[in-house]
Structure formats: C-alpha cells, structure tokens
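Report on one structure; see the data block that follows.
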Amino acid sequence: MDLKMKSLRIILDNQSETGAFVASPAFAHYRYSWLRDGTFIAYALDLYGEHEAARNFYQWVNRVVVSRGERIHNLLRRKSLGEEIPFADFLHTRYTLTGEEVNEPWGNFQLDGYGTWLWGLNEHLRLTGQSVEEYREAIYLSAEYLRAFWQLPNYDCWEENPEHVHTATLAAVAAGLKVAGNCLGEEVYIDKALEIRDYISIHGVREGHLVKFVKEDSLLVDSSLLWVSVPFGLWEVDSELIKNTVWKIEEDLLGGGLRRYVSDTYYGGGEWILLTAWLAWYYNLIGNDNKAEKLIEWIEEQSMDGELPEQVPGRDIDKNALLHWQEEWGPSASPLLWSHAMYLIALAGKTMITNIDNWGSRVKE
Ligand code: BGC
C-alpha cells in the first residue's frame, strides 16, 4: 500500500464512531480530539472524496459547541459586565472522543481551533454542496465567542506562551469570523475579520515579515505563520509580506524538514512532518512544483512502515532535550493523524486545491 492509501487508512481507522479523530492512537497524551488537528484531517478527507467521514467530524464539533451554548452566553455576559475571566472558564482546545473536557494540566484556552473549524466547515460545505442550516447555531456561538475574546492572550497552537497574542492564532480567528459572516449573512463578523487583519498588519509585522507574537519587539518567526496565507488567505501567497515571511522561516527553520521555531525544545525541537507538508502546500499554490516535490519526498523518507510521526530529529536537534522527553513520555507520537492529513493535502497539489480566498480585494487598505 502506498503512503497515500496508508494515510487515508490510518485516518479512517482512527475516527471514533462519534466522528472525533484521535490525535494519535499510540501516544497516551494525544488520545484526545483537537479541533485544530481534526479540521485539517477532515479537510484532507474532503479532498479525497471521503465526505461522509468529514461530515461526521463537523457534526461532532457542532454538538460539542452547541452543548456549550449556555456556557458561551454566560462568558459573553461576564465580559459585558467587565469581569476578568480566568483561563479555566474558557472553552477547551481538546476533548475526549465523546466530547467531554479533559482534566489535564495543559493549556486549555486556545482560540485558534474555533476559527479553524469554521474555516474547515465552510470548505466542507463548499466541496459537498451541503446546506449550512444544521450548523447555524454552532457557527453563531463560535463567532460570538471569537468576536468577544480575540484580543485576549491565550495559548498558541503549540499550547505554549499563554501570556502572548499570536499572529497565527489571530489569522485563524479572522478566517473563522469571515466564514461565519458569509454563512450567516452578518456583516458584523466580516468587519471584525477585516479589523483583525488590519491589526496584524500593524502589530504582527516587523522588518517586512510576519512575527510570532504581536505587539512585541521580537523578530521571532514560527512556521505556523504560513497559515496566515495558506489556507486562511489573509494575504496572498505571492504578496511581499508572505514571500518575506517564507524566506525568513526557511532561513531560520528549514533543514530537511521544517522546525516550529528556533528555541523549540519539545522532543529536542525536531523537524515536523505537518509543517514541512505546509511548506509544500505553499509551494504548490505559488507554482513551484520542484520545491513542493522535494519536501514531499523528504516526508516520504521519514515514514516507518507507512506511519508518519509528529517530528523527527534534524540538523539542529537539542539532544539533551530530546532525551528528556523520551524518558518522560516515550518516543514522539506516531502515527500522528495530522501529519498524515497534511501529507495528503500536500500531495493533492494545486489541482485539487481551488479555494484560497483572496482577501486583498475586500480589505480597505
Ligand atoms: C501540538 C498541538 C497539537 C497536539 C495534538 C501538540 O503537541 O502542539 O498543535 O494539536 O499536539 O497533535
């Protein structure tokens, strides 16, 4: 079985009957379902015609969000009263496969997943021609939540740095709000999305490229900044801002594959399959097939018995940190469903990816 078929098999075999995807079936700490991982997994399935499985995931998220409707309204009420809300009270980033919250000492308050799922849902509806009707309530609740709290510091997509606001997170939030505005016909969400994009252009750009943290002096980049353009489309793939950002990401973080950020120590700060696939996705869209192919080949070389891990040690590995994590938690997660999904997306190439929405023309500059 080739890696494409094996990837689809691994993903489909690890979807729970509830519709949720386990992040990794063989890594205890990842036995949950994340909105972030799950959305890109569902997107990959949609690209390969597995619409039913993708739909089951979106319906699972639908239930997770709607069942927290009262909680969301309560958070909005507290905000309008000017209350300072503790992190513990916000919606979680990961759930058990049956949709319950997880009581582990992890960063739970992360906004990006709620924007990401809205983006993915829209792709799913677009690719299947299904109606938005059954999702209206969840879209509304997610959008109200994001519109109210987008400016708060929260954990980034790597579940770190809770004291910061992160450019990649803001991009996911903006993309989600834009989709919500279009689906529900509510201008107020679209205006907020455009406001966030403007905010990024003021506070999330240094020396001509995007930076990891907004409103900081740091020039640090993070590979997740690719998401700002692919797939969230706040700037086009061939805009100067994105080209400069990709240049800086490659300069600082590309070995054979892509690391998350320079001072990363999780499993020694290895090279991540899913981020390398992201860069290939970018090159697919910008029309540089050679670069995309080279990155895809690198990913294929990392598979072991058809399984893709989260990360592999690369040129800049911190050996002591790697050892520390291996002693703590065992080998790095493998197979990671999100890695397989991103490989599938990169492999689909530009032929199957048709909708990187162009925000440029809609934005008041
Ligand atoms: C990553 C998250 C991811 C989770 C499950 C964490 O280590 O930082 O981005 O959602 O693993 O794959």
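The values are calculated or read from the model by the stated rules, or taken from the named source; none is laboratory data. Keep in mind the model is a prediction, meaning the values are calculated, not measured. Neighbour counts run over all protein chains shown; Cβ positions are idealised from the backbone, glycine included. Calculation scope for accessible area: heavy atoms of the full protein, side chains included, ligands and nucleic acids excluded. Shrake-Rupley method; radii C 1.70, N 1.55, O 1.52, S 1.80 Å.
The table that follows gives values for the structure above.
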| item | result |
| --- | --- |
| The chain, dipole about Cα centre (Lys/Arg Cβ +1, Asp/Glu Cβ -1), debye to the nearest 20 | 600 |
| Rounded percent of accessible protein surface that carbon and sulfur make up, the chain, 1.4 Å probe | 47 |
| Per residue, in Å², the accessible surface of region 3-351 once ligands and nucleic acids are set aside, probe 1.4 Å | 38 |
| Amide H contacts of GLU271 (H built 1.01 Å from N, under 5 Å, at least 5 apart or other chain) | VAL312, GLY314 |
| Most to least packed among 139-148, 24-33 [average Cβ atoms within 10 Å] | 139-148, 24-33 |
| Packing rank of 236-246, 322-332, where each peptide gets the mean count of other beta carbons within 10 Å, highest leading | 236-246, 322-332 |
| Burial ranking of peptide ranges 295-303, 253-261 (average Cβ count within 10 Å, highest at the top) | 253-261, 295-303 |
| About the Cα centre, charge dipole magnitude for region 83-196 (Lys/Arg +1, Asp/Glu -1 at Cβ), debye | 440 |
| GluC sites (Glu not before Pro) lying in DSSP loop within region 78-108, provided at most 14 other Cβ fall within 10 Å | GLU83, GLU84, GLU100 |
| Value at 222 nm in deg cm²/dmol, rounded to 500, when DSSP H runs of n ≥ 4 in the chain each add -39,500 (n - 2.57) | -16500 deg cm²/dmol |
| Translational D in µm²/s for region 3-351 (Stokes-Einstein at 25 °C, 0.890 mPa s, Kirkwood Rh from C-alpha pairs) | 122 |
